[in-house]
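Read-outs throughout are calculated quantities, based only on the coordinates presented, and are distinct from any laboratory measurement. Please read all numbers here as calculations on a predicted model, not as lab measurements. Cβ coordinates were reconstructed from backbone atoms using ideal geometry, including for glycine residues, and neighbour counts include every protein chain displayed.
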Amino acid sequence: GGIDDGGAASVRAIMHWQYRTICRGVHSILHNLHELLGSRVHDYISFYGLRNYGRLSDGGPVATSQVYVHSKIMIIDDCISLIGSANINDRSLLGSRDSEVQFQASFLSYAVKV
């Protein structure tokens with residue numbers, strides 16, 4: 001579904017806070033990186049969203065939907081891989097509900113990237 005659909009209020013709220021975290025205000029990721037890197041900030045960080053599309057019937061209108069990527073991996077300078085299972089929600093972050101795992105490896109970063 002689209003972000004304008006009646007049931008998409010939670011998606012809009014998530015997008016709002018992602019936007020604020022990425023680029024609005026002195027505490028945003030881009031502001032802090034710009035302080036360190038100047039205009040080269042976009043050489044080091046990018047943000048992407050993934051959508052799928054198709055036709056529900058032959059000749060029908062194109063329908064799109066957001067693809068929910070559930071992987072949690074960060075590869076740093078092709079040297080360190082952080083792989084984890086935590087979500088940014090109360091189930092993962094309270095510490096008394098879901099069991100979460102985080103793994104750091106420097107020896108397999110290239111293999112993970114490929």
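Brief remarks on what is shown
- Environment charge of residue 63, counting only residues whose C-beta is closer than 15 Å and scoring Lys/Arg +1, Asp/Glu -1: -1
- Candidate values (i) 126; (ii) 149; (iii) 194, label of the one derived for volume of the Cα convex hull per residue in Å³: (iii)
- Among 77, 43, 58, residue whose mean-square fluctuation peaks in a GNM of the chain (springs only between Cα atoms under 10 Å): 58
- Helix 9-23 vs. the chain, principal-axis angle (Cα, 0 to 90°, nearest 10): 40 degrees
- The residue among 48, 73, 25 whose Cα reaches farthest toward the positive pole of the charge dipole of the chain, with charges on the beta-carbon of Lys, Arg, Asp and Glu, is 25.
- Long-range amide H partners of residue 63 with built H, under 5 Å: 54, 55, 56
- Cα shape, the stretch 1-68, gyration tensor, a/c 1.5 rule: oblate
- Taking the stretch 51-66 and a reference point 7 angstrom along Cα→Cβ of residue 4, the backbone N atoms nearer than 14 Å belong to 64.
- Those chymotrypsin sites (Phe, Trp or Tyr not before Pro) in the stretch 41-104 that DSSP places in a loop and that have at most 15 other beta carbons within 10 Å: 44, 47, 48, 68
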